[in-house]
Amino acid sequence: MMNQPRIDTSPRVSDEIRKTTCYMCACRCGINVHMKDGRVAYIEGNRDHPVNKGVLCAKGSAGIMQVNAPSRLRAPLRRVGPRGSGRFQEISWDEALGLAKDWLTPIRKNDPSKLAFFTGRDQSQSFTSFWAQAFGTPNYAAHGGFCSVNMAAAGIYTMGGAFWEFGQPDWDRAKLFMLFGVAEDHDSNPIKMGIGKLKARGARIIGVNPIRSGYNAVADEWLGITPGTDGLLILALVHCLMTAGRIDLDYLARYTDAPLLVDEQTGLFLRDQDGRALVIDRATGGL
Ligand code: SF4
């Protein structure tokens, strides 16, 4: 019998495992990063982490390229061609910091608020705001202002916590779940796992999104809304709930800014589109 070559069916992929959280999106799933010869070799989900319980999405797996991609910046670049030409030259950190100092010193002396400082998504946004405040400008923002911070603010108002990291819908008890405008390619593990729980319990899911893909593909009902009209739909729903007496008025009075909508002159609550005051009967919720 010929000698068969031995096949190693479970090769060691790493010589060290570091536990951390993924930041390819804001969910912060727990990950085990396998290191081989001092380099990231492989990323897997951490089964003991409460957010993802071992689940890792494609973006999370691709996190390996954040450190290993050949295109990763390794030194400051200075543009050497016209804007948009894509021509850059590597420069030293001393030169880069010297250039930044030359640009920023006159602005700081003259009027620091003339600096508008914008950064992308990264793990250091608290430091960038710290730096902007120390510089003296209130004009700073980052990626989150156009993306997850809005969702976080809505989560704090409605569920008491920003979705993803600090709060989430009641996946174990909700009977109806409405999902507005979530990007179809977002891949959030906590949302996927939560929707899986809802589907298993038979809860009803309604997706509101111009595109029926991703999460909306598994929704029981899909409202293919015209882009930019979500707010109108939500206000129409609020109107229907109010006229049907299905709004918890005590909750509104205690925990929201609804009392600020009372007209101080008339003492009446809310107004219709023609400016006529609407009075809500607290007993029935009717108008
Ligand atoms: S959902 Fe995916 S990209 Fe987002 S933190 Fe989790 S593994 Fe990373």
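The values are calculated or read from the model by the stated rules, or taken from the named source; none is laboratory data. Being a predicted model, the structure only gives us computed values, none of them experimental. Cβ sites come from the backbone with ideal geometry, for glycine too, and all protein chains shown count toward neighbours. Ligands, DNA and RNA are excluded from the accessible area calculation, which covers all protein heavy atoms including side chains. Shrake-Rupley method; radii C 1.70, N 1.55, O 1.52, S 1.80 Å.
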Would you check which residues across the range 220-244 are of a type in the set (A, V, I, L, M) and either modelled with pLDDT under 90 or open to solvent by 60 Å² or more (accessible area, probe 1.4 Å) (or both) and list them? 223, 232, 234, 235, 237, 238, 241, 242, 244
Would a scan of the range 25-37 turn up a residue that is in a loop (DSSP other than H, G, I, E, B), basic (Lys, Arg) and either touching a His at 6+ places or on another chain (Cβ under 7 Å) or within 11 Å of the ligand (Cβ to nearest atom) (or both)? yes
Looking at the range 72-97, which of the residues that are part of a loop (DSSP other than H, G, I, E, B) and open to solvent by 100 Å² or more (accessible area, probe 1.4 Å) is farthest from residue 169 (Cα to Cα)? 87
Whether any residue in the range 179-193 is in contact with an Asp or Glu (Cβ under 7 Å, 6 or more places away or on another chain) and either farther than 22 Å from residue 149 by Cα or outside the structural domain of residue 54 (by TED's automatic domain parsing) (or both) is what I want to check. yes
Inside the range 158-181, can you point out the residues that are at pLDDT 70 or above and within 14 Å of the ligand (Cβ to nearest atom)? 168
Condition first: free of Cβ contacts under 8 Å to residues at least 24 places away in the same chain and open to solvent by 50 Å² or more (accessible area, probe 1.4 Å). Now tell me which residues in the range 123-132 satisfy that. 125, 126, 127, 130, 131
Which residues, taken from the range 38-56, are part of a loop (DSSP other than H, G, I, E, B) and more than 12 Å from the ligand (Cβ to nearest atom)? 38, 47, 48, 50
Assigned to a helix (DSSP H, G or I) and either without any contact (Cβ under 8 Å) to a residue 60 or more places away in the chain or surrounded by fewer than 10 Cβ atoms within 10 Å (Cβ to Cβ) (or both): does that describe residue 141? no
Being under 27 Å from residue 19 (Cα atoms), within 18 Å of the chain's Cα centre (by Cα) and among the small types (Gly, Ala, Ser) narrows 54, 155, 60 down to just 60
Tell me, please, whether a residue that is closer than 30 Å to residue 50 by Cβ, out of contact with any Asp or Glu (no Cβ under 6 Å at 6 or more places or on another chain) and not hydroxyl-bearing (Ser, Thr, Tyr) can be found in the range 246-256. no
Residues satisfying the stated conditions in the range 13-40, i.e. of a type outside the set (Val, Ile, Thr) and buried (at least 16 other Cβ atoms within 10 Å of the Cβ): 14, 22, 23, 24, 25, 26, 27, 28, 29, 30, 32, 34
Report every pair of residues separated by at least 6 positions or lying on different chains whose Cβ atoms are under 8 Å apart, first residue within the range 30-42 and farther than 12 Å from residue 68 by Cα, second within 14 Å of the ligand (Cβ to nearest atom) and acidic (Asp, Glu). 31/44; 32/44; 34/44
Conditions: (1) closer than 21 Å to residue 132 by Cβ; (2) free of Cβ contacts under 8 Å to residues at least 24 places away in the same chain. Residue 108 meets all but one. Number of the miss? (2)
Select from the range 10-24 the residues that are in contact with a strand residue (DSSP E or B) (Cβ under 7 Å, 6 or more places away or on another chain), away from the ligand (no atom under 11 Å from the Cβ) and part of a loop (DSSP other than H, G, I, E, B) and list them in ascending order. 13, 14, 15
Every residue from the range 57-81 that is among the β-branched types (Val, Ile, Thr) and away from the ligand (no atom under 12 Å from the Cβ): 67, 80
Answer yes or no: is there a residue in the range 50-59 that is open to solvent by 40 Å² or more (accessible area, probe 1.4 Å) and within 18 Å of residue 12 (Cα to Cα). no
Answer yes or no as to whether residue 106 is open to solvent by 50 Å² or more (accessible area, probe 1.4 Å), modelled with pLDDT of 75 or more, assigned to a loop (DSSP other than H, G, I, E, B) and more than 30 Å from residue 248 (Cα to Cα). no
